[in-house]
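Below: the structure, in C-alpha cells.
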Amino acid sequence: MITYWHNPRCSKSRAGLALLEERGATVTVRLYLKDAPSVAELTAVQAKLGLPAIEMMRTGEKIFKELNLSPSDDDSRLITAMATHPILIERPIAITEETAIIGRPTEALTAIL
C-alpha cells in the first residue's frame, strides 16, 4: 500500500500517480493541500525520506520568502511551516510503511514499487 501526497493541479504529481497505477500499485491518494499533514506526520515522512526538511520543501513558493524561511533554518521550524502552509511541501511524495520517496523526477517513484 502506497499513500500518495498528491496535488492534481501539478503535472508531475499527475504523472507520478499514473506511473504507480500503470505498474499495478495500490495507491491511497491524499490531497495534502486540503488535508494538511501534521507536524508528527511530516516528521515521520522526513525520517522515511532520510533527508533534511529543506529538501522536502518548495523553496520557490512565495510564502517561503514571506515567512523569511531559509535553508539554514532548523528542521523543526521548516516542518512547522509545512504543516501550516502545505503548499511548501514538495510534491509528489509516495509513502509506504518502510520508506518514502519524492517523485521528482517521476521515474524516481519506481524505487518504491
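Coordinate-derived values only; no laboratory data. What you see is a predicted model, and the numbers here were worked out from it, not measured in a lab. Positions of Cβ are generated from backbone atoms using ideal geometry, with glycine treated the same way; all protein chains shown enter the neighbour counts.
Odds and ends about this structure:
Okay, residues lined up against (1) under 13 Å from the mean Cα position of the chain (by Cα); (2) of a type in the set (A, V, I, L, M, F, W, C); (3) surrounded by fewer than 17 Cβ atoms within 10 Å (Cβ to Cβ):
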position	(1), (2), (3)
Val45	yes, yes, no
Met56	yes, yes, no
Gly60	no, no, yes
Ile63	no, yes, yes
Ser70	no, no, yes
Arg77	no, no, yes
Ala83	yes, yes, no
Ile102	yes, yes, no
Glu107	no, no, yes
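- Reported count of residues in region 85-96, each being surrounded by fewer than 18 Cβ atoms within 10 Å (Cβ to Cβ) and in contact (Cβ under 8 Å) with a residue 60 or more places away in the chain, is 1.
- Top-ranked residue in region 39-81 [being part of a helix (DSSP H, G or I) and polar (S, T, N, Q); ranked as nearest to Ile112 (Cα to Cα)]: Gln46
- Filtering region 82-110 to residues that are assigned to a helix (DSSP H, G or I) and over 14 Å from Leu17 (Cα atoms) leaves Met82, Ala83, Thr84, Pro86, Ile87, Leu88.
- If you go through region 1-35 and keep only what is more than 13 Å from Ile93 (Cβ to Cβ) and part of a loop (DSSP other than H, G, I, E, B), you end up with Met1, Pro8, Arg9, Arg23, Gly24, Ala25, Thr26, Lys34, Asp35.
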